[in-house]
Each structure stands twice: as structure tokens, then as C-alpha cells.
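The values are calculated or read from the model by the stated rules, or taken from the named source; none is laboratory data. Here the structure is a predicted model, which means the values were calculated and not measured. Positions of Cβ are generated from backbone atoms using ideal geometry, with glycine treated the same way; all protein chains shown enter the neighbour counts. The accessibility values were calculated without ligands, DNA or RNA, using every heavy atom of the protein model including side chains. Shrake-Rupley method; radii C 1.70, N 1.55, O 1.52, S 1.80 Å.
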Amino acid sequence: MDKLTEIKEKLNVIYKEYKDNKSQLNGEKTKMAAKLIVEMTFSDNVNPSDVAAELSRFSANIVDIYFDTLTKSVSIPLEVLDEVLKEFILTDKDVKKSQHYVQKFVFAVTEIMKNYKDKALKSTQLPRLVIFIAKFAVKSDVNKKKYMMLINSTMGEIFRLDYTDIKKNSLVNVWNATNSLFPDLSKVKYESLVTDWGKKYGFITPSKSEEPVPTDNKVKIEESVVAKETPKEEVSLAVQSPVKTENVSPNPKKEEPKAHVTDTAASEKEDKLTSVPESPKADASAEKTVANDDEKASTNTSEVAASEKAPAKKSSVQVLYERLKRDMDKEQEAIITAFTDMITPVGKAFESIQGEISKSREIGAENVSLKAKIADLERQLSEQRDRFQTVNQSLMAARTENEELKIKVAALESQNAELDSKLNDAYAINSRESSLEAEKIRLELKKAFAFLYEDWLEYEFSDVSEDNYESLQAIIKKIFRSLERNGIDFKGNN
């Protein structure tokens with residue numbers, strides 16, 4: 001029998017015990033099975049499919065010990081290890097049992113990456129194991145926790161493996177499972193690894209804000225902003241000017257004294273407007289008003305001179321009315337200009353306030369959304385706590401039942417030992433009784449045959465005669481009777 005066949009037979013014995021004990025083995029048998037599979041891996045003429053078959057039928061703990069033992073010394077080439085992993089993946093043929101491979105693959109990836117370090121990044125099969133684990137992680141919370149354990153145990157190094165030979169639709173599960181574990185990557189310990197992985201395989205695209213904006217574009221943007229703001233100011237001016245015009249403009253059909261009153265009111269308003277603002281714009285508007293007044297004075301002087309030179313065609317009242325009307329129109333324009341210069345900063349401040357209000361509304365809406373998310377997360381956390389509590393209670397119940405079963409097993413083992421002892425005693429007694437009975441029969445036969453032997457000696461060398469025949473016949477009958485009396489059946493009756 002060669003070594004490989006001997007290893008297989010030993011593993012078959014352990015596997016039978018494993019199945020008979022409800023898929024459980026003690027620590028010693030677990031280590032023994034893992035050691036035998038390691039020896040099988042290094043055996044001559046071994047097929048990787050045989051190793052994979054053994055790993056697939058035993059528990060995840062044996063797989064963990066196997067890969068830890070196999071890779072700790074780094075004596076097996078990575079190519080051979082990939083062959084074993086490839087065959088290990090191919091053993092998944094029953095859909096109902098596929099989920100049992102998740103924990104086995106988690107242990108396999110963890111131990112290989114822990115012991116091989118950067119060398120493991122060249123593996124062609126480790127990415128496929130990660131894809132398999134992620135596929136189940138997006139389906140259930142239990143497998144999601146196993147995927148989380150894989151990331152933490154490898155310090156996020158699984159995102160450095162080479163997935164270029166794998167289709168993108170298979171990589172989606174890795175991205176979705178990772179996002180479900182880490183909704184906010186900025187708070188993740190392995191943010192850079194996950195982000196680089198997402199960018200490399202097309203799940204993250206660089207934002208436009210990260211791209212440098214050319215200087216020409218900035219100038220165009222500023223010009224467009226100025227162009228957009230200008231109509232607003234013009235609109236505000238167009239809206240405000242008619243209101244003031246109605247309040248200031250005189251009625252030409254009214255009498256002259258009323259025109260003087262309006263002029264006085266207008267001058268009072270001008271005094272108020274010039275006395276209120278002290279800003280640079282107000283000073284500028286005041287300077288404009290003075291300049292306008294100078295222009296008005298020069299214009300009036302020229303007009304008066306012209307009218308004096310011209311022939312008197314209009315009455316003095318009409319000329320006075322026209323002058324007053326012209327002066328009031330110009331004063332009205334100056335007042336409107338000053339008022340517009342004063343109101344423009346207020347409009348801009350109002351627009352700024354409106355922008356801040358819009359931002360506040362957006363922040364408020366975002367706060368509402370965040371509160372809803374927090375409430376949802378708190379609900380999920382509460383559900384997780386309830387599940388954890390249920391699982392914890394089930395675990396404690398299972399532990400209690402396990403302890404009770406251990407006590408029962410100990411009691412049964414004690415009873416078994418006691419029964420074995422009694423059975424041995426019974427066998428010993430029976431053996432002694434049988435020996436005594438045989439000795440008794442032997443003594444009785446000896447005693448009975450001693451007399452018959454003496455009678456036989458008398459006829460042993462005698463001549464053959466009718467009397468001797470009858471005597472010998474009687475001796476033989478006595479022999480048979482002695483045998484029957486001692487319970488020896490020689491007639492062949494059952």
C-alpha cells in the first residue's frame with residue numbers, strides 16, 4: 001500500500017466519525033485531518049482535485065488549519081497553491097450547499113494573504129474567492145459579517161489583488177457589498193485602498209471640481225455673472241423711477257403757487273436724501289448733483305440771455321412757468337438718481353439675504369434628510385440588536401443543552417464502564433464455572449474408566465471366545481453409559 005492510499009484511508013475513517021458525530025470533530029481529530037491533507041498535498045503523483053475534494057467535505061476549521069500550515073513556511077509555490085484553489089472552487093456543484101463555502105474561502109484567503117503577504121497579490125485565484133464571498137455578502141447579513149471579517153483580517157489588502165481578468169458585472173457584488181458596509185468611505189480605515197480599487201475598475205469617476213479650471217474660463221464665468229446681475233439693477237431702477245415721478249412731478253394745469261409749494265417739498269426731500277447717506281456712493285451722487293446744478297445754472301443763464309435777445313413772443317407768466325417746470329424736472333432726475341444710488345446697495349444686500357435664505361432652506365432640507373437617515377439607521381441598529389439578542393439567547397440555550405448533553409454522555413460512559421466491568425466479571429465467573437465443571441466431569445470419567453480399564457486389561461490378551469465377547473460388550477456398554485451420565489452426547493442428536 002502506497003503512502004497516498006494510506007492517507008486517504010485514514011481520512012475516510014476520520015470523515016466517517018465526522019458524519020456520525022453530526023459533522024463535528026474534537027480539536028485533536030481536526031488537527032489530524034488537516035495534517036493528513038497537508039501530507040497528501042506533498043505526496044508524489046497527487047492530483048490537486050483529490051486535495052480539493054478533501055477540503056470540500058470537511059469543516060471550515062480544517063480548511064483554516066490546512067492553509068495556515070501549508071503557507072506558514074512558504075515552501076509551496078504560488079502556482080501549485082492556485083491549482084489547489086482552482087480545483088477547490090470547482091467542487092462547488094450543489095447550489096444548496098454553496099453558502100457553506102463562504103467561511104472556508106474566507107479562511108483560505110485570510111491565511112494565504114497573511115503568510116504570503118505581497119507575494120499573494122500575484123495569485124490568479126484569490127480574486128475569484130473574494131468575488132464568491134461578495135456574491136453571498138450582498139444577499140444576507142450573516143455573510144456580510146464574514147465579508148467584513150475578511151476585509152479586517154487582511155487589513156483591506158484584498159483590494160490590492162488583480163481583478164483585471166474578471167468581468168465587471170462580477171465585480172459589482174464586491175462594490176455593492178463594500179458600500180453596504182461602508183456608506184461613508186471618508187470614515188473608513190481602508191478608504192484609500194477602496195477608492196483606488198473603485199477608480200481602477202470604473203466604479204468611481206474623478207469629480208469635475210478636482211479638474212483645474214483654465215483662466216480663460218474663469219474670465220468668461222465672471223463676465224457671465226456680471227451680465228446676469230446687470231439686468232436686475234436696471235429692472236429695479238425701472239420699477240422705482242415711476243413711483244417717485246408720480247410723487248414729485250407737478251401738475252402743469254395747476255396754479256403757480258402750488259408749483260412753488262412742490263418745489264419747496266422737492267428741495268426738502270433733496271436735503272433729506274443728501275443728509276442721510278454718508279457712503280462713498282452717496283458722496284458720488286452728491287457730487288453729481290452739484291455738477292448738474294452748475295450745468296443747470298449755465299443753461300438757465302444762456303436761455304435767459306437768448307430770451308432777452310429774442311423778441312418777446314410769450315408772456316412773462318408762461319416763461320416763468322416753463323422755467324419752473326424745467327428746473328423741477330431736472331431736480332426730479334437728480335433726486336431719482338440719488339435715491340437709486342442709495343437703494344442699490346440695499347437691493348444687493350437683499351439679494352444676498354435671499355441667497356443665504358435659500359442656502360438655509362437647502363441646509364434645512366438636508367438636515368431633514370439626514371434626520372430621516374439617522375432614524376432609519378437607528379431602526380436598523382435596533383433590529384440588529386434584537387437579532388443579536390435572539391442569537392445570543394439561542395447560543396446560550398445551545399450551550400446549556402450542550403452542557404446537559406455532556407453530563408448525559410459522561411453518565412452514559414460511566415454506566416458503560418460499569419456494565420463492561422460487570423460483564424467482565426460475569427465472563428470470569430462463567431469461565432471459572434465452566435472450568436470447574438469440566439474438571440469435575442474429567443474426574444468422574446477418570447474414576448469410572450479406571451474400573452473399566454482394569455476389566456479391559458483382563459481381556460486384552462485373552463483368546464477370542466463367546467464368553468469374552470459378552471464381557472467385552474458389557475465393558476463397552478458401561479463406557480457409553482458413563483459418558484451419557486456426564487452429559488457427553490456422542491449419538492449426534494442436536
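Which numbered condition in (1) touching a residue at least 12 places away in the same chain (Cβ under 8 Å); (2) open to solvent by 60 Å² or more (accessible area, probe 1.4 Å); (3) assigned to a helix (DSSP H, G or I) is the only one that Leu483 fails?
(2)
Please work out which residue is nearest to Met32 (Cα to Cα), limiting yourself to region 62-79 and to residues that are over 31 Å from the mean Cα position of the chain (by Cα) and open to solvent by 60 Å² or more (accessible area, probe 1.4 Å).
Within region 62-79, the match that is nearest to Met32 (Cα to Cα) is Ser73.
Inspect all residues belonging to region 18-36 and state whether any of them is farther than 23 Å from Val106 by Cα and open to solvent by less than 40 Å² (accessible area, probe 1.4 Å).
No.
State all residues of region 416-448 that are closer than 20 Å to Gly487 by Cβ and among the charged types (D, E, K, R); if no residue qualifies, say none.
Those that are closer than 20 Å to Gly487 by Cβ and among the charged types (D, E, K, R): Arg432, Glu433, Glu437, Glu439, Lys440, Arg442, Glu444, Lys446, Lys447.
Run down Phe461, Phe451 and say which single residue is of a type in the set (A, V, I, L, M, F, W, C), over 47 Å from the mean Cα position of the chain (by Cα) and under 18 Å from Arg485 (Cα atoms).
Just one listed residue meets the conditions, Phe451.
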